[in-house]
Each structure stands twice: as structure tokens, then as C-alpha cells.
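K.L.:
Before I ask anything, let me first share the structure, which is written out below as C-alpha cells.
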Amino acid sequence: MSGFSREQIEQADSLDLAGYLESRGYRLVPKGSQYRLAEHDSLYIKGNQWYWFSQKKGGKTISFLTQYEGRTFEEAMNELLGPGRTLTRTVPTVPKPEPQKKLLLPEQAQDNEAVYAYLKKRGINPWIIKECIEKGILYQTEMYWKGSEEGAYEKEACAPSAVFVGKDKDGTARYACMRSTAGKGKYDAAGSDKSYAFSLPVCDCPKSVWVFESAIDLLSHATICRLRKSNYPVDRISLGGLSPNALYRYLKEHPTVRTVHLGLDRDKAGREAEQSIRRELGIGYTVVLHFPEYGKDYNEDLIRRRELYQEQQKTEKGEKAACI
């Protein structure tokens, strides 16, 4: 007897295999609606299923661990379920917000030129910027609402700033963060609810989600995936800092999610946040920490990758010129 219930085996076998492989460091190559394992031209993955054409074998998630990785059934189950052999997935309760305050969104400027220039300077792909603007979750403003001690607000002019908007499932704006395009100034708009932070959801029935501290880190990761040509559909959310409330709300509203990828900063605060989230989520979720390859955060990572690419292009151009 394996000691695992039928329900546990069925749920382990239904885990997203692509997400598992990615968390283990495998490199996947998108092929239409499926993926190919980079190290084998004929091994394909789709959802929780795989097939190795050259070997004429395949199956679901558990069998990949037993047949491809050579694990025993017990080892595979313990890897997929984690300690405790259970898939109970209790999402931490999102703290009830204070009495709802009206979100004071900054007014939209006549154009978004400063936002485009600022984010492109940060390395963000122009098409991703355009997509966010068209969705109404990113725009430029040149004012903010200044609060008084009496609780009143009045308009104040400011340097061009990017506004990152977080919406609820009905499309209503519930959060907004402003970041100056001319300096380091940033703050949340009055009335913002951090459990609805900036996000880029693209999947109808997501099995995994990527989590970042800031909107710019989120957009940087999306750009890196495009640069690496591994831009498969994945939901991304930001926390607007290190409060996990946006993640907990997301998981409550998306019960199909099994894997949480944490793209947090490479610092003490990021590590502490990761440990806290792991404890809160328990063993029902697979939590994977992904530090950026270069620098402290994913924007520094993106900028460094672009620098390396440009250096490579210059070197190749020089070598070609030398051969003429």
C-alpha cells in the first residue's frame, strides 16, 4: 500500500506539469498550445500530460517523475504533495478593509508620451506598455490629490507620472500607484485597496501565478520572457510592496491555481516575505522563489540583460567588420 488516497493521487496527477518543470529549472520551448522540452526534440508537454515520441511513452504528471526523473512512486508523490501528504489548500483570509473610501484616481493627461519614454528607458517592451494603456491599467497624469488635515482633497499639479491601476474582477478600479517619470517619487492614490494591486491576468483557468513586489518588476519579467521567446500565457500580479493581501485575494478568486512563483527582490525583506507566504499558504500550494539572475530586482535584471545583448551585438558587428 502506498499510503496515499485516491483523491491525493488524482490531484497530484492533475498538477500543471509545465509549471512543475519550470520550477525545477527545466527549459521549455513554446510550440503552439504546448511546450517542448529543450533538451529533447521529441518530448512534448501540454497541461498535466507529456509524451516522448522517440521513446513512445508518456502519461501524466506523476509518471513524468517516475519514468523521466527515475523517482519511486512515493518520492514522486512526496515531491508533488510536499510534507504531510495532503493537498488541502486553505487560502489565508484577506483582512477586511476599513470602511470603503472612494478611490481618487488622478486625472489622465492628454497623452502618454512621458510614460512611454520612462518605461522604455527602464527597458519595458513598447508593446507591453501599449497593451496596458489599452486595458486602462496604465496612463499618464500631471496632477495628484493633496489631502488636508481635515480630510479634504484638492488638485495639485505635479511632474508627469505613471499611474498603475488595480481593478477588481468586475473591472472597477480599486487601487492606483503613482510613480514619477522625472524622479523617484511614488505613492498610492487616496482610497487605494492594496488587495487589488496592479496585475496582468491573461488565463481563464490559471494553474500558476507569478508574484512581484512592484508593477515595474512585473512588466520587466513580462519583457524578459519576450526577449527569451518564452512568452507563454501566465498570470502576473504585483503586491504594491510586500503586503501579501493581493496574492491572497487572487488565490481566493482563482481556486485552480496550484503553484505560486515568487519574483521578489533579492534582499532580506524579499526572503522574509517568501518565508511568511510559505507559512501562510501551507503545504497545499507549491511555492517557488525566483530571484533575478542579475541585480536586486527584475528591472535591474532586465536592464543588465539589455546591456549584455547590446555588448554582444557590438562585438559581433566588430568581428564582421574585421573579416571584410
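K.L.:
Please specify each residue of the stretch 243-258 satisfying the condition of being surrounded by 15 or more Cβ atoms within 10 Å (Cβ to Cβ) and either assigned to a loop (DSSP other than H, G, I, E, B) or at pLDDT below 90 (or both). I'd like the intermediate steps shown before the answer.
P.N.:
Step one: filter the stretch 243-258 for residues surrounded by 15 or more Cβ atoms within 10 Å (Cβ to Cβ), giving 243-251, 254, 257-258.
The answer is Ser243, Pro244, His254, Val257, Arg258.
K.L.:
Answer yes or no as to whether Lys46 is modelled with pLDDT of 85 or more, closer than 30 Å to Glu131 by Cβ and not assigned by TED's automatic domain parsing to the domain that holds Arg236. Even if it seems obvious, please write down each step before you answer.
P.N.:
On the way: modelled with pLDDT of 85 or more: yes; closer than 30 Å to Glu131 by Cβ: yes; not assigned by TED's automatic domain parsing to the domain that holds Arg236: yes.
Against the criterion (modelled with pLDDT of 85 or more, closer than 30 Å to Glu131 by Cβ and not assigned by TED's automatic domain parsing to the domain that holds Arg236), Lys46 qualifies.
K.L.:
So for the stretch 11-23 (the condition being of a type outside the set (Asp, Glu), free of Cβ contacts under 8 Å to residues at least 24 places away in the same chain and not in a strand (DSSP E or B)), does at least one residue qualify? Reasoning before the result, please.
P.N.:
If we filter the stretch 11-23 for residues that are of a type outside the set (Asp, Glu), which is where we start, we get 11-12, 14-15, 17-21, 23.
Then keep just the ones that are free of Cβ contacts under 8 Å to residues at least 24 places away in the same chain; that gives none.
Checked the stretch 11-23: no residue is of a type outside the set (Asp, Glu), free of Cβ contacts under 8 Å to residues at least 24 places away in the same chain and not in a strand (DSSP E or B).
K.L.:
Looking at the stretch 106-120, which of the residues that are part of a loop (DSSP other than H, G, I, E, B) and crowded, with 18+ Cβ neighbours inside 10 Å is modelled with the highest pLDDT?
P.N.:
Step one: filter the stretch 106-120 for residues part of a loop (DSSP other than H, G, I, E, B), giving 106-112.
Those still in the list that are crowded, with 18+ Cβ neighbours inside 10 Å too: 106, 112.
On the way: Pro106: 94, Asn112: 97.
In this case the residue turns out to be Asn112.
K.L.:
Additional query: Give me a count of the residues in the stretch 119-140 that are within 18 Å of Tyr175 (Cβ to Cβ) and among the aromatic types (Phe, Trp, Tyr).
P.N.:
1
K.L.:
If you don't mind, there's one more thing I want to ask. What's the number of the condition Cys205 fails, among (1) touching an Asp or Glu at 6+ places or on another chain (Cβ under 9 Å); (2) surrounded by fewer than 16 Cβ atoms within 10 Å (Cβ to Cβ); (3) not basic (Lys, Arg)?
P.N.:
Condition not satisfied by Cys205: (1).
K.L.:
A follow-up question, please. Can you pull out every residue in the stretch 259-269 that is touching a Lys or Arg at 6+ places or on another chain (Cβ under 8 Å) and not in a loop (DSSP other than H, G, I, E, B)?
P.N.:
Thr259
K.L.:
Take the residues in the stretch 265-289 that are among the hydrophobic types (A, V, I, L, M, F, W, C) and touching a Pro at 6+ places or on another chain (Cβ under 9 Å), then tell me which one is surrounded by the fewest Cβ atoms within 10 Å (Cβ to Cβ).
P.N.:
Initial filter on the stretch 265-289 (among the hydrophobic types (A, V, I, L, M, F, W, C)): 269, 273, 277, 281, 283, 287-289.
Among the residues that remain, those that are also touching a Pro at 6+ places or on another chain (Cβ under 9 Å) are: 273, 277, 281, 283.
Values: Ala273: 22, Ile277: 22, Leu281: 20, Ile283: 16.
Across the stretch 265-289, the extreme among qualifying residues is Ile283.
K.L.:
For the stretch 281-300, which residues satisfy the criterion of being part of a helix (DSSP H, G or I), of a type outside the set (A, V, I, L, M, F, W, C) and at pLDDT below 95? Walk me through it before giving the result.
P.N.:
In the first step, residues of the stretch 281-300 are kept if they are part of a helix (DSSP H, G or I); the result is 281-284, 298-300.
Okay, now just the ones that are also of a type outside the set (A, V, I, L, M, F, W, C), so 282, 284, 298-300.
Within the stretch 281-300, Gly282, Gly284 meet the criteria.
K.L.:
Is there a residue being touching a Gly at 6+ places or on another chain (Cβ under 6 Å), in a strand (DSSP E or B) and of a type in the set (Phe, Trp, Tyr) anywhere in the stretch 152-171?
P.N.:
Yes, because at least one residue in the stretch 152-171 is touching a Gly at 6+ places or on another chain (Cβ under 6 Å), in a strand (DSSP E or B) and of a type in the set (Phe, Trp, Tyr).
K.L.:
Further question on the same structure: Out of the residues in the stretch 186-205 meeting the condition of being of a type in the set (Phe, Trp, Tyr) and not in a loop (DSSP other than H, G, I, E, B), tell me which one is nearest to Leu247 (Cα to Cα). It would help to see each step written out before you state the result.
P.N.:
Filtering the stretch 186-205 down to residues of a type in the set (Phe, Trp, Tyr) leaves 187, 196, 198.
Now narrow it down to the ones that are not in a loop (DSSP other than H, G, I, E, B): 187, 196.
Details: Tyr187: 20, Tyr196: 9 Å.
It comes out as Tyr196.
K.L.:
Looking only at residues in the stretch 4-62 that are within 26 Å of the chain's Cα centre (by Cα) and among the polar types (S, T, N, Q), which one is surrounded by the most Cβ atoms within 10 Å (Cβ to Cβ)?
P.N.:
Taking the candidates together, the pick is Thr61.
K.L.:
Any idea which of Tyr35, Tyr20 is of a type in the set (Phe, Trp, Tyr), at pLDDT below 85 and under 24 Å from Lys229 (Cβ atoms)? Working first, answer last.
P.N.:
Details: Tyr35 fails: at pLDDT below 85.
Tyr20 is the lone residue from the list that is of a type in the set (Phe, Trp, Tyr), at pLDDT below 85 and under 24 Å from Lys229 (Cβ atoms).
K.L.:
Out of all the residues in the stretch 137-147, is one or more loosely packed, with under 15 Cβ neighbours inside 10 Å, free of Cβ contacts under 8 Å to residues at least 24 places away in the same chain and part of a strand (DSSP E or B)?
P.N.:
Yes, the stretch 137-147 contains a residue that is loosely packed, with under 15 Cβ neighbours inside 10 Å, free of Cβ contacts under 8 Å to residues at least 24 places away in the same chain and part of a strand (DSSP E or B).
K.L.:
Could you check the stretch 259-290 and list, in sequence order, the residues that are touching a residue at least 40 places away in the same chain (Cβ under 8 Å) and among the charged types (D, E, K, R)?
P.N.:
Hits for the stretch 259-290 are Asp265, Glu280.
K.L.:
Could you please let me know if Ser33 is more than 30 Å from Arg279 (Cα to Cα) and outside the structural domain of Lys207 (by TED's automatic domain parsing)? Working first, answer last.
P.N.:
Numbers: more than 30 Å from Arg279 (Cα to Cα): yes; outside the structural domain of Lys207 (by TED's automatic domain parsing): yes.
When the stated conditions are applied, Ser33 passes them.
The values are calculated or read from the model by the stated rules, or taken from the named source; none is laboratory data. Everything quoted here is computed from the prediction, not taken from an experiment. A quick note on method: Cβ atoms are made from the backbone with ideal geometry, for glycine too, and the neighbour counts reach across all protein chains shown.
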